[in-house]
Each structure stands twice: as C-alpha cells, then as structure tokens.
Amino acid sequence: MQAPVREDALDSHIIVLVGFMGAGKTSVGRALAGRLGWPFEDLDERIELREGRSVGQIFQQSGEAEFRRMEHEALRASLAGPGNVPRIIALGGGAFVQPANAAILEEAGVKTVFLQAPPEELFRRCAEHGTTRPLHKDAGQFITLYEARRPYYLRATVVVDTAGKAVDQVAQEIVERTGTRSTPAT
Ligand code: S3P
C-alpha cells in the first residue's frame, strides 16, 4: 500500500536537494541541517536501511526498475513523515527526473534545490569519493546521462551553482536563496 502525501507538508518547511551524482546533496544536506538545526534524511539511506542492502546490491540483484519503485515508495514515506517538522531531504541523482517523484514533490509543496556543477567536475568528484555508484561508469556515459537529466533538474524551485565552492558556502547560499530561517514561521 502506498503511503499518502500529507497535505500539511504544504507549509514548505521541507527543503529537498536534487542533482546529479557527485553534486554534494548529502554533504550539503548535512551542513544545511546543522546550520538550521533541522533533521536531515538521505533517501538512498532510507532505502538501504529498509532493504538491508546497499543501492549497488539492489541494482545488481533486483535491477534499476525495482530500485526506482523502492525509491518512489521511500519518497512517499519520507514526505508523509511528520508533517509540520522542518527537514532537509537529499534525493538520489535519478529521483527528481522520474515524473511520478516530481509530481508528489510538487503536490507536497516542498522547496526543491538543484545543486549544479559541470559534469566533468561531478565525474571527478565521484571518482575521488570511491563510493560504488551503479550509474557511474565511463566519462562519456556519465556526461550523456547528465545532459539528458539537466532539463529536469532545472525545474527545481532554486538552482545553486556549486562549482569550486565549499560545502558550507553552498549551504549558506541555499539558506539565503530559499529565504529559510532556522525556526519555522508560525
Ligand atoms: C543514481 C544516483 C545515486 C543512487 C543510485 C542511482 C542515479 O545517488 O540513487 O545509484 O540514478 O543518478 P547519488 O546521486 O547520491 O549518487
């Protein structure tokens, strides 16, 4: 059964970070959460905890389509969480480009923030991190996928350039650009 999207998320004290692999969604999300004193959730982590296996294992054992189904369920559950509690949610790189996910985010009235950087830099960051990412293969494939997804990311509420910027600087910029304060308005 699908978890319902709560209407009371409409007050928009939820910031959702989107963008390609290597965009810094998790590290910026943690910094932003620390700055605002809000909880942070990483959607891939929610899936891994629920499944008891890594994203890499899910791709390998169950395939990408099954991962996307889990991702959608996880996003629904995350948005249905405590309605009035402000929070930061980092999505996996493919989540926001799935129309069903974009639709429930819009329905929930959350602020989405696209962390943008040139694909060459993103590729380099992913290679340096050494995390296994099933869709991080060779540079050509990576850049082609980035270009195909970019128009979808650009539909986010706010676009923040991250190239050459420190994590804290990006977090500060998000606070300013989204007009967010550390305590929810009443
Ligand atoms: C994916 C990105 C990954 C993870 C999965 C699929 C993608 O998350 O969700 O491997 O489709 O771009 P990160 O963006 O955190 O690496």
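We did not get these values from a lab; they are worked out from the coordinates using the rules stated. Please read these numbers as outputs of a predicted model, since none were measured by experiment. When we count neighbours, we look across all protein chains shown, and the Cβ atoms used for this are built from the backbone with ideal geometry, even at glycine.
When LEU43 is tested against the conditions (1) surrounded by fewer than 20 Cβ atoms within 10 Å (Cβ to Cβ); (2) under 29 Å from ALA163 (Cα atoms), the lone failure is (1). Restricted to strands (runs of 3 or more DSSP E) entirely inside segment 74-186, those with at least 3 residues that are within 27 Å of GLY52 (Cβ to Cβ) are 87-90.
Restricting to segment 78-110, what's the tally of residues that are near the ligand (Cβ under 10 Å from one of its atoms) and under 16 Å from SER27 (Cα atoms)? Qualifying residue count, segment 78-110: 4.
Pairing each residue of segment 13-27 that is on the phi > 0 side of the Ramachandran plot with any residue that is polar (S, T, N, Q) and not in a strand (DSSP E or B), provided the two are 6+ apart or on different chains, yields C-beta distances under 6 Å for GLY24/THR162. Can you tell me which residues in segment 50-71 are more than 12 Å from the ligand (Cβ to nearest atom) and either more than 22 Å from PHE20 (Cβ to Cβ) or buried (at least 16 other Cβ atoms within 10 Å of the Cβ) (or both)? The answer is ARG50, GLU51, GLY52, ARG53, GLN61, SER62.
Give segment 16-36 a look and list any residue that's surrounded by fewer than 24 Cβ atoms within 10 Å (Cβ to Cβ), within 15 Å of GLN116 (Cβ to Cβ) and among the hydrophobic types (A, V, I, L, M, F, W, C), or say none. Within segment 16-36, MET21 is the sole residue that qualifies.
Taking the criterion of being free of Cβ contacts under 8 Å to residues at least 40 places away in the same chain and either polar (S, T, N, Q) or surrounded by 13 or more Cβ atoms within 10 Å (Cβ to Cβ) (or both), the only residue of segment 128-137 that qualifies is THR131. Within segment 111-122, is there a residue that is more than 18 Å from ARG150 (Cβ to Cβ) and away from the ligand (no atom under 14 Å from the Cβ)? Yes, because at least one residue in segment 111-122 is more than 18 Å from ARG150 (Cβ to Cβ) and away from the ligand (no atom under 14 Å from the Cβ). Screening GLY109, GLY94, GLY140 for residues that are surrounded by 14 or more Cβ atoms within 10 Å (Cβ to Cβ) and under 23 Å from GLU64 (Cα atoms) leaves exactly one candidate, GLY94.
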